[in-house]
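Notes follow once the structure below has been shown.
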Amino acid sequence: MIATATAVAFVVYSCKGKLAEAESISLSETPVQKVNDMFIVQTENSIINVRAEAPLMERYERDTLSYELFPEGIAVYGYTEDGRLETEIVADNARHLKYKDGRESWEAFGNVVVKNLINQEIMETDTLYWDQKNEKIYTHCYVRMYSPDGFMQGYGMESDQRARDTELFNPFNNYAIMTQDSTAVVIDSVNFIGPMQKK
């Protein structure tokens, strides 16, 4: 009988210690949701509009806002109105903020690469913001841009969200290819669908 009472007292004491540890966790610093291998598709009139992929998404809730973190990187793909892959944005880290008043903002950090596959243009920067309401992407950081017309660099950039019409601010030390063959054929290797290979 004494051995049983000692065992019960030990179990109660052990559980009490673990409960005290659990109470010390800050809920505002703990994700309310975790998603591994996130895959999101947004369609419009049965045509893919946007696709996003991330190895990990963590959602947090605060009093004034909720936000999602993508600590292992994110890739976002934008499609044309007829369903062709046009834009690709990849980054090492990203954050999606949702405020209680309805505002939203997207931020991408670390080795941000924006490609317009149709125009064959590539932009590299460290930080990129997406203004979803006005359908703009922009940055105030150093930017490198590569296109069939040449290379440009500067500080600050703004473009539509598909990276079709990019304006580079404060450019310096740029070079361009002045002659271009107007009869050259440009092949969209990303959206090209050719004959099936025989196995």
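Laboratory data are not the source of any read-out in this text; all were calculated from the coordinates shown. If you're wondering where the values come from, they're calculated on a predicted model, not measured in any experiment. Cβ placement follows ideal geometry from the backbone for every residue including glycine, while neighbour counts extend to all protein chains displayed.
Within the same chain, aspartates and glutamates fewer than 8 places from Lys34 are excluded, and of the rest, those with a Cα less than 15 Å from its Cα are Glu53, Glu58, Glu61, Glu68, Glu72.
The simple Förster model, with R0 at 22 Å and r as the Cβ-Cβ distance, assigns His140 and Asp82 a FRET efficiency of 0.05.
Taking 7 Å steps out from each Cα toward its Cβ at Leu56 and Lys98 produces label points 2.2 nm apart.
Here is the P(r) of region 27-176: all C-alpha pair distances, binned every 10 Å from 0, give 11, 37, 35, 14, 3, 0 in whole percents.
With the charge dipole of region 27-176 set up from +1 on Lys and Arg Cβ and -1 on Asp and Glu Cβ about the Cα centre, the Cα lying farthest toward the positive end among the listed residues Tyr60, Tyr129, Tyr155 is that of Tyr60. Its convex hull of Cα atoms gives region 93-143 a direction-averaged projected area, equal to a quarter of the hull surface, of 4.1 nm². Each label point was placed 7 Å from the Cα along the Cα-to-Cβ direction; for Ser46 and Lys133 their separation is 3.5 nm.
Every Cα-Cα pair in region 41-119 was counted, and those over 22 Å apart are 34% of them.
Ranked by the mean number of other Cβ atoms within 10 Å of their residues, highest first, the peptides 104-112, 62-70 fall in the order 104-112, 62-70.
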